[in-house]
Amino acid sequence: MTWTLDGIAEHESIIRHSVFRTLAAPVEDEAGAMAFLAKVAVPDATHNCWAFRVGGRYRVSDDGEPSGTAGRPILSAIEGQDFDGVMVVVIRWFGGIKLGAGGLVRAYGGAAAACLREAAKIERVERIRLGFHCPFPVYAEVEAKLPGWNVEIRRCDFGAEGATMELAVPVQERTAVENWLRDLTRGQEPIRVLDEQ
């Protein structure tokens with residue numbers, strides 16, 4: 001089972017006079033991770049170290065700490081607790097006592113792990129994005145039925161003939177959803193795969 005966060009989580013710890021403030025957030029992609037970093041990074045802090053993981057993609061940053069002592073331990077905390085779609089930023093204010101490489105690894109990894117342990121989490125559902133044009137006569141029925149399959153309506157643009165919808169469908173429900181939509185529209189409206197998430 002893979003998890004993601006149910007919202008932004010925070011944790012603060014003090015290790016040998018250095019303050020480590022951890023912020024974690026659910027993200028959909030690298031752009032979302034970088035936007036969160038831009039929002040929470042503290043320019044006058046000593047270091048803003050981070051890591052994110054979204055599916056098979058991940059990145060880390062030691063932000064001036066010795067190589068491998070901050071970003072990697074943060075990523076290890078994310079992976080160690082089976083999180084995906086998560087960005088973790090650990091902000092450090094140096095307290096005057098050097099921690100050494102091992103101490104930094106333990107401090108950054110421990111701060112990230114503590115934040116994620118305390119955070120509200122939800123099961124991450126693998127989804128596929130589908131495009132579908134919904135004619136007006138069946139729109140209310142579609143809108144009422146899709147939540148039963150845990151389908152998210154990501155976009156809905158109305159036109160003269162109906163609504164063009166972007167649906168995020170749980171992979172295990174894809175066949176049932178596609179079959180139902182085809183039956184409902186008698187196969188008149190094509191269902192397009194927009195991309196795999």
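The values are calculated or read from the model by the stated rules, or taken from the named source; none is laboratory data. Bear in mind that the values here come from a model prediction, so they are computed numbers and not experimental data. With ideal geometry, Cβ positions are generated from the backbone for all residues, glycine too; neighbour counts draw on all protein chains shown. Just so you know, the surface numbers come from the protein's heavy atoms only, side chains and all, with ligands and any DNA or RNA stripped out. Shrake-Rupley method; radii C 1.70, N 1.55, O 1.52, S 1.80 Å.
Data table
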{"read-out": "Hits in the stretch 119-144 - residues which are within 28 Å of Met1 (Cα to Cα), surrounded by 14 or more Cβ atoms within 10 Å (Cβ to Cβ) and in contact with a helix residue (DSSP H, G or I) (Cβ under 6 Å, 6 or more places away or on another chain)", "value": "Ile128"}
{"read-out": "Residue that is nearest to Arg155 (Cα to Cα) [pool: residues in the stretch 182-197 that are open to solvent by less than 80 Å² (accessible area, probe 1.4 Å) and touching a residue at least 12 places away in the same chain (Cβ under 8 Å)]", "value": "Leu194"}
{"read-out": "Residue, least open to solvent (accessible area, probe 1.4 Å), within the stretch 145-176, restricted to residues that are more than 24 Å from Glu126 (Cβ to Cβ) and among the acidic types (Asp, Glu)", "value": "Asp157"}
{"read-out": "Qualifying position, being within 11 Å of Val90 (Cβ to Cβ) and under 18 Å from the mean Cα position of the chain (by Cα), among Ala51, Ala31, Ala9", "value": "Ala51"}
{"read-out": "Wholly within the stretch 1-109, strands (runs of 3 or more DSSP E) carrying at least 1 residues that are in contact (Cβ under 8 Å) with a residue 60 or more places away in the chain, open to solvent by 30 Å² or more (accessible area, probe 1.4 Å) and under 30 Å from Asp195 (Cα atoms)", "value": "3-5, 18-26"}
{"read-out": "Tally, over the stretch 110-138, of residues that are of a type in the set (Asp, Glu) and either under 30 Å from Ala45 (Cα atoms) or outside any strand (DSSP E or B) (or both)", "value": "2"}
{"read-out": "Filter result for Asn179 (within 22 Å of the chain's Cα centre (by Cα), of a type outside the set (Gly, Ala, Ser) and open to solvent by 10 Å² or more (accessible area, probe 1.4 Å))", "value": "no"}
{"read-out": "Residue check for Glu173: of a type in the set (Asp, Glu) and closer than 20 Å to Arg53 by Cα", "value": "no"}
{"read-out": "Residue match in the stretch 159-168 (condition: outside any helix (DSSP H, G or I), in contact (Cβ under 8 Å) with a residue 12 or more places away in the chain and hydroxyl-bearing (Ser, Thr, Tyr))", "value": "yes"}
